[in-house]
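None of the figures in this text is laboratory data; all of them are computed from the coordinates on show. Predicted, not measured: the structure shown is a model, and the values here were computed from it. Cβ placement follows ideal geometry from the backbone for every residue including glycine, while neighbour counts extend to all protein chains displayed.
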Amino acid sequence: MELSAPSAAASASQRCEGRLSDCGIRPTAQRVRIATLLLSAPQHLSAEQILACLRAAGARVSKATVYNTLNLFAAHGLIRQLSVDGSRAWFDSNVEPHYHFHDLESGALIDVPVPAVAFSRLPAPPPGTEVAGIDLVIRLRKKM
Ligand SMILES: [Zn+2]
């Protein structure tokens, strides 16, 4: 019997399966499906958007499962959870250090490279602590 070449979708999910294993996450079918969706491109998606995409594709998946899976991915460094406005959790497929523009009208998040930003003064961290990282969200609105 001749095996057919794997489709592009199959190889994308195989790549994601490998990335899950590399991060120490057991690659269940559900996890691979969520990882493939989020890691297919550099993007920022909310848990609600991911849930809507999965359901539109016919997946029967609960909100709790999606949240738990995304939190698991973030805890293992596969994706990054962003604190943008407190109303919803955003997940970033780009885990390299970077900052963000946040368009208040559209809700879109746009990556800002680290070298584009310079901090001229920061407070000294409290005794016994050190700065582990800095989050920066630059909020955008239409010019008046
Ligand atoms: Zn980003």
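Summary of values
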item: Backbone HN-Hα couplings from phi across region 77-89 [Karplus 6.51/-1.76/1.60, Hz, Gly and Pro as x]; result: x, 6, 9, 10, 8, 10, 9, 10, 9, x, 7, 8, 8
item: Neighbour-count order for 73, 91, fewest beta carbons within 10 angstrom listed first; result: 91, 73
item: Shape of region 59-144, Cα gyration tensor, a/c cut at 1.5; result: oblate
item: Values of log10 I(q)/I(0), in the order q = 0.13, 0.14, 0.19 Å⁻¹, for the chain under a Debye, Cα-only, solvent-free model; result: -0.70, -0.78, -1.20
item: Label-point gap, in nm, between residue 14 and residue 28 - each point 7 angstrom along Cα→Cβ; result: 2.4
item: 53, 16 arranged by Cβ crowding within 10 Å, fewest neighbours leading; result: 53, 16
